[in-house]
Amino acid sequence: MIVGDYIEKGVNWITANFSGVLDSISDGMSAFIGSIESFWLWLPYYVVIAMFAGLAYWKTSKSNAVFTVLGLVFIYYIGFWEATMMTLSLVLASAFIALLIGIPLGIWSAKNHTANIIIRPILDFMQTMPAFVYLIPAVLFFGLGTVPGAFATIIFSMPPVVRLTLLGIQQVPEDSVEATRAFGATPSQLLFKVQLPLAMPTILAGVNQTIMMSLSMVVIASMIGAKGLGIIVLQGISQLRIGLGFESGLAVVLLAIILDRITQNLGKNNKTK
C-alpha cells in the first residue's frame, strides 16, 4: 500500500487546495455537455435522422445511408431516442476535448524528441490501465454525474489520436520536408502546409478511434451517473431484465456503427460504393 498511500494523499491534497478550480471546471464542462445535449434534444427526431443519413450518403454510400435511417428509426421506435441523444452528446463532447488536447500533443511529440520520450510511457500507461480505474479520480475530483463520466472518457479515448498524429507526421516523406525547407518555408508553414495535410489520413484514423473509444466507455461511465444508454444497459444487467439490456445494448451498437462508418470516411473526397 506504499504507492497507494502516496496517491491517496496526492488526491486529497488536490481536492483540498483546488476545490474552487475543480468546481469551475465541472461547471464549465456541465454547461458544455448540456448545450450539446439541448441542441440534439431540441431537434425533431426526423431532422436528426435526415442529417445523419445525408452525411452518410455524402461521405460513404447509399447503402450506409439506408442503414443509418433504419438504425435510427429503430432506436426511436423502441423508445431510446432521448437516451441515445444524451449518449451522443457525451461522446461528441468528450471526443472533441480529447482531440483538442491529443492532436497538439501528437504534433509536439513529433517535433520534440524529449517530449516524445516523456509522453510515450504516459500513453502506454493510459492505454493499459483498466477502464474502471479511471472512474476513481473522476469521482473524487468531480463527484457523481455526467461530468466525471466525461473526464474518464476523455482520458480513456485520448491515446489513439496522440499516437496516430505522431505517426502521421513521422511518415511524411523526408524529401517533401527537405524540399519545403529549401524553398525557405518557416517551421509553421512546413507544419500546416506540408506535414499536416500529408498526415491527415492517419490523423483522421485517430479521430475515428477516439470517437469509438469514447462510445465504448458509455456503459462504464454510467456506473458513476453519466446519463444515456449506459444507464439503461446497467439497469438491464442489475435487474436481470434481458430484453431491456439487449435492446439498449443494440442501440449502442447501432450508434457505434453509424458513427464509425461516417468518421472512417471524413477525409475522403469520394463516396465508397
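Here, each number is a calculation from the coordinates, and none is a lab measurement. Because the structure is predicted, anything quoted here is derived from the model rather than measured. Backbone-built Cβ (ideal geometry, glycine too); neighbour counts: all protein chains shown.
Using the Kyte-Doolittle scale, find the helices of the chain whose mean hydropathy is at least 0.5 and whose Cα atoms extend 18 Å or more along the helix's long axis, counting only whole DSSP H runs. Mind dumping the intermediate values first?
Details: long enough: 2-17 (23 Å, 0.13); 19-42 (33 Å, 0.68); 45-59 (21 Å, 1.18); 62-77 (23 Å, 1.26); 81-111 (44 Å, 1.46); 113-128 (23 Å, 0.44); 196-216 (29 Å, 1.15); 242-264 (32 Å, 1.48).
Qualifying helices: 19-42, 45-59, 62-77, 81-111, 196-216, 242-264.
Provide the gained length on full extension for the span residue 175 to residue 144, in nm with one decimal, where the gain is 0.36 nm per separating residue minus the Cα-Cα distance.
Roughly 5.9 nm would be gained on extension.
With each run of n ≥ 4 DSSP H residues scored as -39500 (n - 2.57), what mean residue ellipticity at 222 nm is computed for the chain after dividing by its residue count and rounding to the nearest 500 deg cm²/dmol?
-26500 deg cm²/dmol
Calculate, in nm to one decimal, what residue 186 and residue 266 gain on full extension: separation in residues at 0.36 nm each, minus their alpha carbon distance.
Working: separation 80, 0.36 × 80 = 28.80 nm, distance 2.88 nm.
The span from residue 186 to residue 266 would gain 25.9 nm if fully extended.
Of [x] 81, 45, 33; [y] 47, 43, 34; [z] 65, 58, 29, which is the value of Cα extents along the principal axes in Å derived from the coordinates here?
Among [x] 81, 45, 33; [y] 47, 43, 34; [z] 65, 58, 29, the one derived from this structure is [z].
Hey, can you rank 180-191, 254-265 by average C-beta count inside 10 Å, highest first?
Most protected by this proxy first, the peptides run 254-265, 180-191.
Need the full-extension length gain, residue 101 to residue 50, defined as separation in residues times 0.36 nm minus the C-alpha distance. One decimal, nm.
Working: separation 51, 0.36 × 51 = 18.36 nm, distance 3.12 nm.
Residue separation times 0.36 nm, minus the Cα-Cα distance, leaves 15.2 nm.
Roughly what would the spin-label model give for residue 14 and residue 120, points 7 Å off Cα along C-beta, in nm?
The modelled label-to-label distance comes out at 2.6 nm.
For the range 168-241 and the range 36-77, what is the separation of their C-alpha centers, rounded to whole Å?
Answer, in whole Å: 22.
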